[in-house]
C-alpha cells in the first residue's frame with residue numbers, strides 16, 4: 001500500500017513538472033533574443049510612451065555595441081550581458097540635435113544607463129534597475 005501511494009505521488013510530481021516544462025519551452029520559443037532584435041520603448045517609469053516608428057529604439061549587436069534613437073537623436077553605446085540577464089549599458093553618446101522633447105529623450109538615455117538587468121516576457125523586454133521596473137520595450141515586427 002505504501003509503495004502504491006509513493007508511486008502515485010511520484011507520478012503526480014513528474015506530471016506536474018512535465019506540464020511546467022512544456023510551458024517553459026513554449027515561453028522560450030516566444031521570447032525574442034536580446035541581441036539582433038530592434039526594441040522600441042513603450043513604457044518608462046510607469047508611464048506610457050507614444051513613439052514614432054523610428055524613435056526610442058535600441059538594437060543590441062553581437063559585438064557588444066548598441067545603437068538606437070531617442071526622440072530625434074541617434075545614439076551608440078556599449079553593453080555587457082551575462083547568462084543571469086544582468087545588463088549594463090555604458091558609454092552612451094548621441095548626436096546633439098535640438099529636440100522639442102529634449103527632457104523625454106534625456107530621461108530615456110538616463111534610464112538605459114541605469115539598467116542593471118532585464119527579463120523577457122514573449123516579445124516584451126522588461127528593463128530593471130536594482131529590482132525596480134524602469135522601462136518596457138517591445139520587439140519591433142520585422
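Below, the figures for the structure above:
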| read-out | value |
| --- | --- |
| Residue 67 part of a strand (DSSP E or B), in the same structural domain as residue 125 (by TED's automatic domain parsing) and free of Cβ contacts under 8 Å to residues at least 12 places away in the same chain | yes |
| Matching residues, the stretch 51-64, being outside any strand (DSSP E or B) and touching a strand residue (DSSP E or B) at 6+ places or on another chain (Cβ under 9 Å) | 51, 53, 54, 55, 56, 61, 62, 64 |
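The values are calculated or read from the model by the stated rules, or taken from the named source; none is laboratory data. On a predicted model such as this, the values are computed, not experimentally measured, just so you know. All Cβ positions, even for glycine, are placed from backbone atoms using ideal geometry, and neighbour counts span all protein chains on display.
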